[in-house]
Amino acid sequence: MMTPKEKTGTLACLDRYTKLCEDVGIIPMREEVWQVGINHAYWMIETLQKEIVADNPLYDDGKVGRWLGFIQCEMINGGRTTVQDERDFSRQYFKQTEPETLEDYLASVERELVKRFDINRRMVSDMFCYFIELIDEQDD
């Protein structure tokens, strides 16, 4: 599940790519796999925008990331933007920052464990307690 910041960033990127396509008159068109190109990428942009706003569970982080990567590749290969421009634009949304407190760090680890391993929060809490006991034993 995307964080609100990642969702905002993804939609901002898609808005940016929409403008890049509109500026040169590209028409969104779903194409067959062997014919994909910039028109197909524009169709993907419009589809992703709708599905992300609707919180469609079929468009999970992995799928959104793959689609966004394809779209970015088409934009860069077509000379509409550069890798550096995209880094500079998206860094504010996607750059990982260090948690400010231990509680923030543990909360981020908990979210990641629940997301990646499909385990419940109680299991994560039990794991944390176990690790803290191990650390305490080593400190003695």
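Being out of contact with any Leu (no Cβ under 6 Å at 6 or more places or on another chain) and touching a residue at least 60 places away in the same chain (Cβ under 8 Å) is not true of Gln35. Of all residue pairs spaced 6 or more apart or on separate chains, those with beta-carbon atoms under 6 Å, a first member in segment 111-136 that is closer than 18 Å to Met2 by Cα and a second member that is part of a helix (DSSP H, G or I) are Leu113/Val124. In this entry, Glu74 passes the filter for residues that are out of contact with any Cys (no Cβ under 9 Å at 6 or more places or on another chain), surrounded by 14 or more Cβ atoms within 10 Å (Cβ to Cβ) and among the acidic types (Asp, Glu).
Name the single residue that is nearest to Arg30 (Cα to Cα) among those in segment 64-93 being outside any helix (DSSP H, G or I) and in contact (Cβ under 8 Å) with a residue 24 or more places away in the chain.
Initial filter on segment 64-93 (outside any helix (DSSP H, G or I)): 78-82.
Those still in the list that are in contact (Cβ under 8 Å) with a residue 24 or more places away in the chain too: 78, 80-81.
Details: Gly78: 18, Arg80: 20, Thr81: 22 Å.
Ranking the qualifying residues of segment 64-93, first place goes to Gly78.
Just name the residue that is farthest from Pro57 (Cα to Cα) out of those in segment 116-135 that are modelled with pLDDT of 75 or more and of a type in the set (D, E, K, R). Once the filter is applied, the top-ranked residue is Glu133. Scanning segment 26-49 for residues that are closer than 15 Å to Cys13 by Cβ and of a type outside the set (Phe, Trp, Tyr) turns up Ala41, Met44, Ile45, Glu46, Thr47, Leu48, Gln49.
The values are calculated or read from the model by the stated rules, or taken from the named source; none is laboratory data. Keep in mind it's a predicted model, so treat the numbers as computed, not measured. All Cβ positions, glycine included, derive from the backbone under ideal geometry; neighbour counts span all protein chains shown.
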